[in-house]
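Everything on this sheet refers to the single structure shown next.
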Amino acid sequence: MKVTLTAKLKLHHTREQKAALDAVTLAYRDALNYTSHKAFEMNKTSNAAKIQKEVYTTLRQRFGLGAQMACSVPRKVGATYKTLWTRVKQAAAQRAANPKARRYKGLDTAPKFVSRTLSYQYGRDYSFKTGQQVSISTLAGRLVLPYEGYRKHLDWIADGAQIGAAQLWYDTRKKQYFLLVALEIERPDPEPVTHQQVVGVDVGMRYFAVASNLSGKAFFKSGKETLRMAERFQKARKSLQQKGTRSAVRRLVALSGRERRFIADVNSSLASAILKTYPHALIGVEELTGVRDRTERRSRPNSSEAQRKANRRRARWSYAELLGFLAYKAPLLGSTVVKVDAHYTSQTCPKCGHCSRDNRPRKGLMFVCEGCGYQLHADLVGARNVGLRALLVRQDWMSTGRLSCAPDRPWNADPQAGSAGRDVSDAETKAARLSRYAELRWSPDTSPRL
């Protein structure tokens, strides 16, 4: 299988070379914003071909971009609008089901591009030279710059990894340019026999991650210290916002970047710790798409401070980033990550199967089953239920030879019913999956050997 990763290369440049890089990145950013406004005027279109037809000549003549960069600008703008239209449709569906849901405002104005980042195509806009150097395009021609990076990334480049597109990115904090290169490396195809254990991972705010394999080996990552640091960021942000001076705004921008890097570092370290604790594993994680919209309560003027604090924590933390790090790193370490349904993982007893909200009194730390009296840490119960559902994925993988990395939707294959690939209703789909989950039971004494 091919695994795609990003190599971060630090470029070494003189003052004159940096000026050339500044010129091309600023021109590219201006071109993105010009194109974004044009797309907005064209009924907010996401059609890159239509956008390119409208702006290509201007991008070449007014902004001085080369042919490839003038083509990449409409593609990037079109992809941005496509993402925003997807969010608009998702928000509309949520409002149809719940009129109190928030209206998505991302397309009320033309998207604005702020970052000094431009796209390069390998072999056309940039190429690697001998002596650990790279040739990149600017408005004034080619620059050949030495670079450095992580040794493993450099070895992959030298050993002939498949090289893809790249991003020239300016780190305003370090005042340094980096080249972010997409690499494809070969890894053995995952097989059921190479995965020695099945693991479930439950994420949350009190504990950022709780994991358990079928033998009962547990992993806990408390969020106490990290949340304390997040509250410090919040207090500093509130103080700077109240000042409102120019220097306060600059410090706010720096603080935001520092907070993002802090969260990313915690998530990256946590993903690595889970993968090292459970090597060569099939790791099940919850499908959490839209979880924030389903769980967050809208803050009102009379809302309690505790509710406001909970909403703020949810808004600042990124579960998707943690799960993304897991999926990104797992193939490199011989593991595989699959998504399973998150429905009722915190309410179902893994021992007897009884499902009820009252199994977790007042959403506390302990899970107490009403049916059989089974007691356990509530987040550990969630992790074990996720692991059991991942075990179902592995069993299906062994019987069919096909690995499903996300929850499947049943298909209606009756030719007389119309299209052979028509979806059955969401209610039937959900019921079919939940009926399988209801049969799952956890016991370290009866867990199957893999």
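Brief remarks on what is shown
- Selected residue (only one of 90, 132, 94 is surrounded by fewer than 17 Cβ atoms within 10 Å (Cβ to Cβ), in the same structural domain as residue 28 (by TED's automatic domain parsing) and under 25 Å from the mean Cα position of the chain (by Cα)): 90
- Close pairs from the range 59-76: first within 15 Å of residue 23 (Cα to Cα), partner of a type in the set (D, E, K, R) and crowded, with 20+ Cβ neighbours inside 10 Å, Cβ under 9 Å, at least 6 apart: 66/125; 69/125
Residue-by-condition table, conditions (1) farther than 30 Å from residue 126 by Cβ; (2) in contact with a Cys (Cβ under 9 Å, 6 or more places away or on another chain); (3) modelled with pLDDT under 90; (4) among the β-branched types (Val, Ile, Thr):
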{"position": "55", "(1), (2), (3), (4)": "no, no, no, yes"}
{"position": "60", "(1), (2), (3), (4)": "no, no, no, no"}
{"position": "67", "(1), (2), (3), (4)": "no, no, no, no"}
{"position": "78", "(1), (2), (3), (4)": "no, no, no, no"}
{"position": "86", "(1), (2), (3), (4)": "yes, no, no, yes"}
{"position": "93", "(1), (2), (3), (4)": "yes, no, yes, no"}
{"position": "100", "(1), (2), (3), (4)": "yes, no, yes, no"}
{"position": "110", "(1), (2), (3), (4)": "no, no, no, no"}
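- Residue within the range 337-356 that is farther than 30 Å from residue 5 by Cα, out of contact with any Lys or Arg (no Cβ under 6 Å at 6 or more places or on another chain), among the aromatic types (Phe, Trp, Tyr) and assigned by TED's automatic domain parsing to the domain that holds residue 289 present: yes
- Any hit, the range 118-128, residues being part of a helix (DSSP H, G or I) and either over 17 Å from residue 42 (Cβ atoms) or not acidic (Asp, Glu) (or both): no
- Options 21, 32, 5; residue that is in a helix (DSSP H, G or I), under 25 Å from the mean Cα position of the chain (by Cα) and crowded, with 16+ Cβ neighbours inside 10 Å: 32
- Residue match in the range 216-229 (condition: in a strand (DSSP E or B), crowded, with 20+ Cβ neighbours inside 10 Å and touching a residue at least 60 places away in the same chain (Cβ under 8 Å)): no
- Options 198, 181: the member that is touching a residue at least 40 places away in the same chain (Cβ under 8 Å), in the same structural domain as residue 346 (by TED's automatic domain parsing), on the phi < 0 side of the Ramachandran plot and β-branched (Val, Ile, Thr): 198
- Near pairs, Cβ below 8 angstrom, 6+ apart or cross-chain, from the range 246-270 (surrounded by 14 or more Cβ atoms within 10 Å (Cβ to Cβ)) to any residue that is of a type in the set (Asp, Glu): 263/321; 264/321; 267/321
- Matching residues in the range 101-129 - criterion: being hydrophobic (A, V, I, L, M, F, W, C) and either loosely packed, with under 12 Cβ neighbours inside 10 Å or free of Cβ contacts under 8 Å to residues at least 12 places away in the same chain (or both): 114
- Some residue of the range 71-79 being over 29 Å from the mean Cα position of the chain (by Cα) and assigned to a helix (DSSP H, G or I): no
- Residue in the range 410-426 that is of a type in the set (Val, Ile, Thr) and modelled with pLDDT of 80 or more present: no
- Qualifying residue in the range 281-289 (condition: polar (S, T, N, Q), over 16 Å from the mean Cα position of the chain (by Cα) and at pLDDT below 95): no
- Elements of type strands (runs of 3 or more DSSP E) in the range 130-214, at least 1 residues being closer than 30 Å to residue 384 by Cβ: 197-203, 207-213
- Any hit, the range 184-191, residues being over 30 Å from residue 146 (Cα atoms), free of Cβ contacts under 8 Å to residues at least 60 places away in the same chain and out of contact with any strand residue (DSSP E or B) (no Cβ under 9 Å at 6 or more places or on another chain): yes
- Looking only at the range 170-181, and only at residues there that are under 22 Å from residue 328 (Cβ atoms) and modelled with pLDDT of 95 or more, the one that is surrounded by the fewest Cβ atoms within 10 Å (Cβ to Cβ): 180
The values are calculated or read from the model by the stated rules, or taken from the named source; none is laboratory data. These numbers were taken from a predicted model, which means no experiment stands behind them. For neighbour counting, all protein chains shown are included, and Cβ atoms are generated from backbone atoms with ideal geometry for every residue, glycine included.
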